[in-house]
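What follows is one structure encoded as structure tokens, with my remarks underneath.
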Amino acid sequence: MSTVLQIKPSEKFLRTERLPHIWCPGCGIGSALNCFIRAIDHLEMNLDKLIVVSGIGCTGRVAGYLKLDSFHTTHGRAIPFATGLKLANPELKLVVFSGDGDLASIGGNHLIHAARRNIDMTVICVNNFIYGMTGGQVGPTSPTQVRTTTTPYGNFEPPFNLPYLMAASGASYIARWTIIHLTQLESAIGEALNRPGFNFIEVISPCPTIYGRLNKKANGVEFLRYFQQGSVTRNGADPKEADIEFNGPIIVGKFIDKKRPTLGEGFSQVLKKAAERKKKD
Ligand code: SF4
Ligand code: MG
């Protein structure tokens, strides 16, 4: 089988009646989705227990295209929806698939607290450094100096380094890959789906239509060249060093993989203690 055929999304996981999708030519969201599909296909998981939750934005459309139980929720609130589902039915495997603006700005508070509580879920954050669908506004990950529709003279704010934010908040698994690292991204998703706790995977992805047009990268090929030349793989790197400057190097790899009690385990301990006390009373 050729490489091209190997990376073609498997139709069995897509609601083909909803295609063609809305994503622009050269956008990277489809590649991230393809990696996710390949990961779940290889894992041969019980799809009845797998739920995908998205927020609003270009990446937020992922939930609607997947032939799985999925929720396209309100802006920034994918993580609270996923938390509720997990608490109601701990057997479910939760995946939140959304964009940088949705997860790190509007939903930023939910993101840090879900990491702190080590809630069992995998968050796949497609970071294209801008608000895409809503018109190209500056976002929480827009590098300093970048031009957006709301920063026509260049962004003067510092961006979030998402792996560092997640590490400081307590996430137990943190990885970052770009959409040219298809094999690594697929295996990171597979690894995250197989482990407990809060798993955060950042996917650096091109938005040629808005970010690219405003910053002299008007097509997907220019982004691919940038990702190819600018990516530096450093598995185990300190997330503190994973800042991304405008057109600067992009450190990728698996940064954190540690075990610590999950929210579910905490609840189980409390229930056990309560039962023991009841017996004594
Ligand atoms: Fe992708 Fe940008 Fe088009 Fe949205 S606006 S689909 S992020 S290229
Ligand atoms: Mg975005």
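When you go through (1) more than 15 Å from ligand 2 (Cβ to nearest atom); (2) open to solvent by less than 60 Å² (accessible area, probe 1.4 Å) one by one for Thr141, which number turns out not to apply?
It fails just one condition, (1).
Okay, residues lined up against (1) of a type in the set (Lys, Arg); (2) at pLDDT below 95; (3) assigned to a helix (DSSP H, G or I):
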site: Pro20; (1), (2), (3): no, yes, no
site: Leu33; (1), (2), (3): no, no, yes
site: Ile37; (1), (2), (3): no, no, yes
site: His42; (1), (2), (3): no, yes, yes
site: His75; (1), (2), (3): no, no, no
site: Ala82; (1), (2), (3): no, no, yes
site: Leu85; (1), (2), (3): no, no, yes
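From Thr73, Thr16, grab the single residue that is hydroxyl-bearing (Ser, Thr, Tyr), surrounded by fewer than 16 Cβ atoms within 10 Å (Cβ to Cβ) and under 24 Å from Ser205 (Cα atoms).
Thr16
Restricting the search to the stretch 156-167, which residues are closer than 14 Å to Asn199 by Cα, of a type outside the set (A, V, I, L, M) and either modelled with pLDDT under 95 or open to solvent by 30 Å² or more (accessible area, probe 1.4 Å) (or both)?
Correct list: Tyr164 only.
Taking the stated definitions as given, is Arg18 over 21 Å from Met121 (Cα atoms), in contact with a Gly (Cβ under 8 Å, 6 or more places away or on another chain), more than 15 Å from ligand 2 (Cβ to nearest atom) and charged (D, E, K, R)?
Spelling it out, Arg18 is indeed over 21 Å from Met121 (Cα atoms), in contact with a Gly (Cβ under 8 Å, 6 or more places away or on another chain), more than 15 Å from ligand 2 (Cβ to nearest atom) and charged (D, E, K, R).
For the list (1) in a helix (DSSP H, G or I); (2) aliphatic (A, V, I, L, M); (3) closer than 29 Å to Pro208 by Cα, I need the number of the one condition that Ala115 fails.
For Ala115, the exception is condition (3).
Where in the stretch 168-281 are there strands (runs of 3 or more DSSP E), lying wholly inside it, with at least 3 residues that are crowded, with 18+ Cβ neighbours inside 10 Å? Before you say what the answer is, go through the steps one by one.
Values: elements: 173-178, 198-204, 231-233, 250-257.
Counting at least 3 such residues, we get 173-178, 198-204, 250-257.
Tell me, which residue of the stretch 44-70 that is assigned to a strand (DSSP E or B) and crowded, with 18+ Cβ neighbours inside 10 Å is farthest from ligand 2 (Cβ to nearest atom)?
Leu50
Considering only residues that are open to solvent by 10 Å² or more (accessible area, probe 1.4 Å), within 24 Å of Trp177 (Cβ to Cβ) and of a type in the set (Ser, Thr, Tyr), look in the stretch 85-138 and name the one that is nearest to ligand 1 (Cβ to nearest atom).
Tyr131
The values are calculated or read from the model by the stated rules, or taken from the named source; none is laboratory data. These numbers were taken from a predicted model, which means no experiment stands behind them. Quick reminder, even Gly has a Cβ in these numbers, built from the backbone with ideal geometry, and neighbours come from all protein chains shown. The protein model used for the area step is the full one, side chains on, heavy atoms only, and it has no ligands, DNA or RNA in it. Shrake-Rupley method; radii C 1.70, N 1.55, O 1.52, S 1.80 Å.
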